[in-house]
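*Asks:* Structure below; questions to follow.
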Amino acid sequence: MKVLVIGGGGREHALVWKLAQSPKVSHVYCAPGNAGIAQMAECVPLDVNDFAALAEFAKREHIGLTVVGPEDPLLNGIVDFFEEQGLAIFGPKKEAALLEGSKTFAKDIMEKYHIPTGAYRSFTEYDEALAYVREQGAPIVIKADGLAAGKGVTVAFTMEEAEEALRSMMVDDVFSGAGSRVVIEEYLVGEEMTLLSFVDGETVIPMVPSQDHKPVFNDDKGPNTGGMGTYSPVPHMDDSVVQQAIDTIVLPTARAMVAEGRPFRGILYTGLMITEKGPKVIEYNARFGDPETQVVLPRLASDLADIFLAAVEGRLSECQVEWKDGAAVCVVMSSEGYPGSYPKGREIAGLLANTDDVVVFHAGTAEQDGHIVTNGGRVLGVTAMGYDLYEAQRRAYETVRHISFEGAHYRTDIGAKALRKAEHNKR
Ligand code: AMP
Ligand code: GLY
């Protein structure tokens, strides 16, 4: 079977890498892909939002399965478009992807179906939002309703920060429309965890948990990014907490979407805060996380193509999904300036061939005159596997230190929190 992956970042590189290992998959295409993906798949220069061209390509090449990486095409209805033409595609339809596309929609679902999350109010009027923020006081969380590339959330610790965030979203319109409606949310205290699940209607198969590092600098300092690194498992989080998240959040969400007449088929990403009162939802996404995918898929023992096909054919409940023991760590190398503006086209040195334990997933790279150069804010996701987190972390950083480009930045503490807590628990 031929497979088409849509997208061109680190997450899509991980999808391509895993799908290419399936004995059922004869050829992998990726649109548009990147320089790293081009080493293991055939890249097709098509825009992720040009549905007509993508569907035409899928028909012409007899693609047996299309897999969508990023949220944008999902929210724009790529799954509806492909299905109308009888093409097999894995991902939620537009009406289900709204779980990610509108924070107000997501919050309303959680309220209606008693899914644990922070208290909130949604506003379209700046004056009313401001009055509410002043009444609640800091710390408080302000979120643009629509998509804002992972940057639409301000955790305000002072009133000044809160008012500044409201003003830039609702008055200055920095997210061009995505912030004309805002959700103002209770500040939740606890530890964050990501749980990804394969979902088909009411069938839910959770993956192994992982933890992202959003702020750009060590010790969670600096502005939020799309994600600077991940690890899996999250050893200091008890299995019972993960089970509680499945029982009180993931399953009820899948059932809620069926009850709403918007069954979700795809990857449900639940961003959780593990509070003293148990797990609560920080956000839903309607797709694999980036860079969570880069540590979760290396731990998947089963054939990913089998799982996707089963979901597309409505047979997910028959799937046995197996995971590998051990751990994975992904360290993101980014361009100087990211998450603000950054230069492109800088030559990357020190890239070695992937091994069984170390894979360098490309996030933003391109080929220029036979060289691999930077082409995005997040450039590489260096993933290593190991017997435990120590070993995975050591291998990841050994590889990172071998790679260089001008202005390269990475956090040196990916996974450190888990290792500190594990040490603490031993004592
Ligand atoms: P998001 O883009 O929704 O993932 O939010 C970015 C980051 O803001 C999250 O990873 C959390 O660290 C933080 N955050 C979001 N919502 C809350 C909340 N209600 N309480 C505390 N922190 C939050
Ligand atoms: N790593 C966070 C996300 O994919 O949204």
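*Asks:* Can you pull the Kirkwood radius for the stretch 253-343, inverse mean 1/r over Cα pairs, to one decimal in Å?
*Replies:* About 16.2 Å, per the Kirkwood formula over Cα pairs.
*Asks:* Test of understanding: what is the full-extension gain from residue 1 to residue 221, defined as 0.36 nm times their sequence separation minus their Cα-Cα distance?
*Replies:* 74.7 nm
*Asks:* May I ask which residue of 418, 375, 297 lies farthest towards the positive end of the charge dipole of the stretch 271-427, with charges of +1 (Lys, Arg) and -1 (Asp, Glu) on Cβ and the Cα centre as origin?
*Replies:* 418
*Asks:* Still on this structure: Connecting C-alpha atoms closer than 10 Å in a GNM of the chain, tell me which of 76, 354, 34 has the biggest fluctuation.
*Replies:* For the chain, modelled as a Gaussian network with Cα springs under 10 Å, the answer is 354.
*Asks:* Sticking with this structure for a sec: Just the number: Rg to Rh for the chain, Cα atoms, Kirkwood Rh, two decimals.
*Replies:* 0.95
*Asks:* In addition: Round to the nearest 0.05 the FRET efficiency obtained for residue 324 and residue 26 when R0 = 25 Å and r is the Cβ-Cβ distance.
*Replies:* 0.50
*Asks:* As an exercise, find the ratio Rg/Rh for the stretch 285-427 from alpha-carbon atoms, using the Kirkwood inverse-distance average for Rh.
*Replies:* Ratio value, two decimals: 1.03.
*Asks:* Just to be sure I understand the model, the point goes 7 Å from the Cα along the line to the Cβ. What's the resulting residue 371 to residue 416 distance in nm?
*Replies:* With each label point 7 Å from Cα toward Cβ, the separation is 3.2 nm.
Any read-out appearing in this document is the output of simple, stated calculations on the displayed coordinates, not a laboratory observation. All figures in this text were calculated on a predicted structure; none of them were measured in a lab. Here Cβ is always computed from backbone atoms with ideal geometry, including for glycine, and neighbour counts include all displayed protein chains.
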